[in-house]
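Below is one structure, written out as structure tokens; the observations come after it.
Please treat every number below as a calculation from the coordinates, not as lab data. Because the structure is a prediction, the values reported are computed rather than measured. Every residue, glycine as well, gets a Cβ built from its backbone with ideal geometry; the counts of neighbours run over all protein chains shown.
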């Protein structure tokens with residue numbers, strides 16, 4: 001097991017990802033939709049880690065024999081990711097007055113459990129920030145000659161974060177019904193700040 005990548009799970013679910021989970025928790029079928037979303041996330045993150053680790057190994061990101069340092073290819077990708085994240089953070093700050101949540105989030109309120117599952121899977125596999133995290137995770141595991149099993153703590157925490165609104169509904173139904181909409185409103189109003197926090201955390205994790 002490799003616990004060094006576990007903090008990436010927080011970044012993985014920050015932004016539209018956790019906001020989607022919150023929206024499903026306030027939908028017409030909150031329990032079914034939230035459960036389906038969580039399942040989609042769990043399957044997608046497991047598949048994503050497997051694919052990126054396999055690709056990273058194939059392009060030579062493994063550590064050289066006798067050393068734990070990542071290859072030159074892995075280091076080049078990491079530097080490129082950091083540069084992109086710095087640019088994205090600057091862009092979010094510059095456009096903080098106008099940046100809004102993606103319009104498609106507003107259409108999730110009436111989504112079916114099947115649609116919730118699809119959203120969970122597609123966000124993890126194709127949303128830019130999550131794709132970057134999966135690539136980083138794959139490179140990290142390949143650089144240490146590890147496979148997807150070593151990423152189980154990361155996969156488990158990502159799934160747990162996705163399930164938090166669902167757990168809140170199940171365990172604290174009355175309080176959750178009041179709290180979830182308030183959290184949703186704050187995140188809608190603070191998208192730019194959430195983005196910057198995610199980017200900064202991600203940069204430190206990559207450079208660690």
- prompt: Which distance in nm do the two modelled labels at residue 90 and residue 156 give, with both placed 7 Å along the Cα-to-Cβ direction?
  reply: 4.1 nm
message: Suppose the chain between residue 167 and residue 31 were pulled fully straight at 0.36 nm per residue; how much longer would it get relative to their current alpha carbon spacing?
response: 48.0 nm
task: Please give the contour-minus-distance gain from residue 118 to residue 59: 0.36 nm per residue of separation, less the Cα-Cα distance, rounded to one decimal in nm.
output: 18.3 nm
Sites residue 1 and residue 97, calculated FRET efficiency, Cβ-Cβ separation with R0 25 Å, nearest 0.05: 0.05
- line: Length gained, residue 185-residue 144, 0.36 nm per residue minus C-alpha separation, equals 10.6 nm
